[in-house]
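> This is the structure, below, for whatever I ask next.
The values are calculated or read from the model by the stated rules, or taken from the named source; none is laboratory data. Small disclaimer: the values here were computed from a predicted structure and weren't measured. Here the Cβ positions follow ideal geometry from the backbone for every residue, glycine too, while neighbour counts run over all protein chains shown. Areas reflect the complete protein model, heavy atoms only, side chains present, ligands, DNA and RNA absent. Shrake-Rupley method; radii C 1.70, N 1.55, O 1.52, S 1.80 Å.
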Amino acid sequence: MYSRQQKSIYFVIEGLNSFTTVYYFYYFYFFMQQQFGFGNKANLMLAAANGATYAIGSWWSGRLAHRFGCLSALKLGIAIMMTSLLIGSQVTSASAQIAVMIFTVVGMCFTWPMLEALVSENESREGLQSMVGIYNVVWAATGALSYFVGGAMLEKLGIRSLFFVPASVLVAQICLTVWAEKREAKAAVRARSREEIVPDETPHPHTPERTRLFLRMAWLANPFAYIAINTVIAVMPGIALKLGLSTMIAGFCCSVWCFARLASFTLLWLWDGWHYRFRWLLMAYLALVASFAAILIIPSVAVLVIAQWFFGGAVGLLYYSSLFYSMDLSEVKSEHGGIHEAAIGLGNLAGPAVGALALQFMPQYAHSGSLAVSGLLLLGMGGLLGIWGMAGRVARGQEQPAIQVVPTK
């Protein structure tokens, strides 16, 4: 029932959803800065609220979709987002805009886990690598495009286009989802043969213990990647202001990491040598920490642009690992997709929250928020090394030959 032709519709919906969410959420912080005077600390608090909502909502939506179906949940999420954005175009107070943001996040919770499950369902291991690769390239490409042109669109179309542009795209998304659901129902009636779902009997090249180990490490590393991402996104208006960049130029300069992530996704899709290799996770994490600190601490446009290439490549591998390992050998893809997205939400909460608290209690230090989040990222690297080291000790213990007791006279 999930033919490749059908999945092409889901990829279109996914691309539109990425354009919509990036346009609204990434530029929401610019909107709050320009309309209500929000600084770095206030925007970080908004980002933390965004993350908390997404963590809870994604976990719950994944379980709900497993019971009632991904397409039903997807329609619900798109409808909530569209309604919230239309309301946002009419309200004028900061508190009302924050409420609109929260409800839009709730709607988004019903989109990404569902789309991940729909494109991954009924695939062999080779097919899963292909589908996850296309999925990542599609959303990264349209998201990068949205961030790149979003600043220029806001300047040319007006600040209220922050609501009208994504709401218009969401209309197309819900039409496509309804069409996909009708096609799915017809396919279910027309063909229930086993030809559509071919069980993959190829033995997995790695042991269950190794696959679970890498899933745990990826589920740890990816939230820390989003600790960095959501912190960077929230303070980009402040960085742009410090460097004297307009909203349009900020969109051009600050979207570089999105294109680097797209390049990373493309490479990881075409080459599978990184699967279940710890050194790639570790190198990506080290690059994440170093580039994050450079982006936030060094006041230079050149450093900002160069560091984003390393930043985007690092977050690309960490995200791809989490999604691929979540879907590999999983029989409950919508629920695992929900866990994957909920972990992202936890990262989106933790980074901005730590940054905001540091700015609150140590305002005399200009980089207190950046340094505090960098310290949090280093803790994550310690956890990653700890999991790997513990697994190595267990494996070495299992490989030790049994001690033979020789009876004595």
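> How much length would be gained if the chain were fully extended between residue 176 and residue 79, taking 0.36 nm per residue of separation minus their Cα-Cα distance, in nm to one decimal?
In short, 33.7 nm is gained.
> According to a simple spin-label model (label point 7 Å from Cα along Cα-to-Cβ), what is the distance in nm between residue 367 and residue 306?
1.6 nm
> Amide H of residue 124 versus every other amide H placed in the peptide plane: which residues, excluding those fewer than 5 positions away on the same chain, fall under 5 Å?
Residues meeting the criterion, in which the H sits 1.01 Å from N, do not exist here.
> Please report the accessible area of residue 344 (heavy atoms, 1.4 Å probe, ligands and nucleic acids excluded) in Å², nearest 10.
Near enough 10 Å² of accessible area.
> Calculate, in nm to one decimal, what residue 183 and residue 4 gain on full extension: separation in residues at 0.36 nm each, minus their alpha carbon distance.
Net length gain for the segment: 63.2 nm.
> With r defined as the distance between the Cβ atoms of residue 298 and residue 248 and R0 fixed at 30 Å, what FRET efficiency is calculated, to the nearest 0.05?
It comes to 0.85.
> Leaving ligands and nucleic acids out of the surface, order 261, 160, 63 by accessible area at 1.4 Å, largest first.
Largest accessible area first, the list is 63, 160, 261.
> May I ask you to evaluate 6.51 cos²θ - 1.76 cosθ + 1.60, the Karplus curve with θ = phi - 60°, for each residue of region 180-186 and list the ³J(HN,Hα) values in order in whole Hz, giving x for glycine and proline?
4, 5, 5, 4, 5, 5, 5
> Please identify, among 113, 299, 223, the residue showing maximal mean-square fluctuation in a Gaussian network model of the chain using a 10 angstrom Cα cutoff.
Answer for the Gaussian network model of the chain: 299.
> Give a residue-ordered list of calculated ³J(HN,Hα) values for region 304-316 (Karplus: 6.51 cos²θ - 1.76 cosθ + 1.60, θ = phi - 60°; whole Hz; x for Gly, Pro).
4, 5, 5, 4, 5, 5, 5, 4, x, x, 5, 5, x
> Another question, if that's okay. Give me the accessible area per residue for the chain, probe 1.4 Å, as a whole number in Å².
The answer is 43 Å² per residue.
> Which whole-Hz ³J(HN,Hα) couplings does region 249-263 yield from phi under the Karplus relation 6.51 cos²θ - 1.76 cosθ + 1.60, θ = phi - 60°, glycine and proline marked x?
Running phi through 6.51 cos²θ - 1.76 cosθ + 1.60 with θ = phi - 60° gives 5, 4, x, 5, 7, 8, 9, 4, 5, 5, 6, 5, 5, 4, 4 Hz.
> For residue 34 and residue 360, what does the FRET efficiency come to when R0 = 30 Å and r is the distance between their Cβ atoms, rounded to the nearest 0.05?
Plugging the Cβ-Cβ distance into 1/(1 + (r/R0)^6) gives 0.85.
> Taking 0.36 nm per residue of sequence separation and subtracting the Cα-Cα distance, how much length would be gained by fully extending the chain between residue 207 and residue 98, in nm to one decimal?
34.6 nm
> Testing the spin-label approximation: label points 7 Å from Cα along Cα→Cβ at residue 126 and residue 90. State their distance in nm.
5.5 nm
> Go through (1) 18.8; (2) 24.3; (3) 20.1 and flag the label whose value is the computed mean projected area of the Cα convex hull in nm² for this structure.
Among (1) 18.8; (2) 24.3; (3) 20.1, the one calculated here is (2).
> Round to the nearest 10 and report in Å² the accessible area of residue 297, as given by a 1.4 Å probe over the protein chains' heavy atoms.
50 Å²
> Separate question: If you place +1 on the Cβ of every Lys and Arg, -1 on the Cβ of every Asp and Glu, and leave all else neutral, what size is the dipole of the chain about its Cα centre, to the nearest 20 Debye?
The calculation lands at about 260 debye.
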